[in-house]
Amino acid sequence: MKLISFCLTILFTFICLTDLKAQQDEGLHFELSFNQNDYKMLQERAGEKGVSADDFARWIGSNGRFIILKPGEDLGELPQSARLTVFALDERGSIVGEHGMRIRTAERSTDLGRLMNISELGQIFERLFPDANFFPDANFFPDSHFFPDTLFNTMDEVTKVVAEAGRKVSTSEAVSFVLTVTPDGDRFEVPAKPGYVLFAGHLIGPNRL
C-alpha cells in the first residue's frame, strides 16, 4: 500500500512539473529595464526641486527599455499591444492610485519612448501627484527583487503582487510608483511574466499622496 502511495505521489509530482514546464514554454515574458547610472543622474537632476510629472514621464520614455519574448526557438506571433500600468503606493504600501495605458510591443529591446505616448504618461503622473514634485530615493527595484519568477493569468494577480512589494519597501513619509507591463486586458489569453520596476521616494507639494 505504501509503495502504491509513493508511486502515485511521484506520478502526481511529475505531472505537475510537466504542466509547469509546458506553461512556461507557452508563456510570454515582458521585460522592462532601467540602468542604475541613468537613475543616479535623475536623482542628481532632481536636487532640491524634485522631478515634475512631465519630467518623470520623459525620463521613463528616454531611459526605459522594453522587449516581449516567448521562451524557446519558435517565438510565434506576438501581440501588437501591451498595457503599461502605473501604481501609486502610500507610506503604508497601500495602492492609492492605478492608471493604465496601451503601448506597442517589440521583439527587440526598444526605448519605451518609441512605443508609447509620453504625454499620456505625463498626464497619468499629473493625476497621481498634482502640483507636487517627486524626489527619487537612492535605489529603484527591478522585478528580480520582488516579482516572483512565475506566470500570471489575470491583472488581479499582478495587482496583488504589486501590493505585497509596496509593503516591503514602505517607510514613513515615502511613496512608491510601480510600473508593470502586461498583456493588454484584464484576463490574459496567454500566461505572462510581467515587466516590472518600483521607484521609491517622496513627494513635496500641496497635493502629495
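Would you check if E77 is part of a loop (DSSP other than H, G, I, E, B), closer than 27 Å to R102 by Cβ and modelled with pLDDT under 95?
Answer is yes for this residue.
Could you please give the count of residues in the range 101-134 that are of a type outside the set (A, V, I, L, M, F, W, C) and either part of a loop (DSSP other than H, G, I, E, B) or open to solvent by less than 50 Å² (accessible area, probe 1.4 Å) (or both)?
Looking only at that region, the number is 11.
Can you pull out the residues in the range 145-158 that are farther than 20 Å from H99 by Cα, buried (at least 16 other Cβ atoms within 10 Å of the Cβ) and under 12 Å from the mean Cα position of the chain (by Cα)?
F146, the sole residue that qualifies.
Could you tell me whether G166 is modelled with pLDDT of 80 or more, over 20 Å from R92 (Cα atoms) and outside any strand (DSSP E or B)?
So G166 does not fit the description; no.
Which residues, counting only those in the range 159-196, are crowded, with 22+ Cβ neighbours inside 10 Å and β-branched (V, I, T)?
Within the range 159-196, V162, V175, V178, T180, V181, T182 meet the criteria.
I'm told P142 meets every condition in (1) touching a strand residue (DSSP E or B) at 6+ places or on another chain (Cβ under 8 Å); (2) within 25 Å of S62 (Cα to Cα); (3) crowded, with 16+ Cβ neighbours inside 10 Å; (4) free of Cβ contacts under 8 Å to residues at least 60 places away in the same chain except one. Can you identify the failing condition by its number?
(4)
The values are calculated or read from the model by the stated rules, or taken from the named source; none is laboratory data. Bear in mind the structure is a predicted one, so any value in this text is a computation, not a measurement. With ideal geometry, Cβ positions are generated from the backbone for all residues, glycine too; neighbour counts draw on all protein chains shown. Just so you know, the surface numbers come from the protein's heavy atoms only, side chains and all, with ligands and any DNA or RNA stripped out. Shrake-Rupley method; radii C 1.70, N 1.55, O 1.52, S 1.80 Å.
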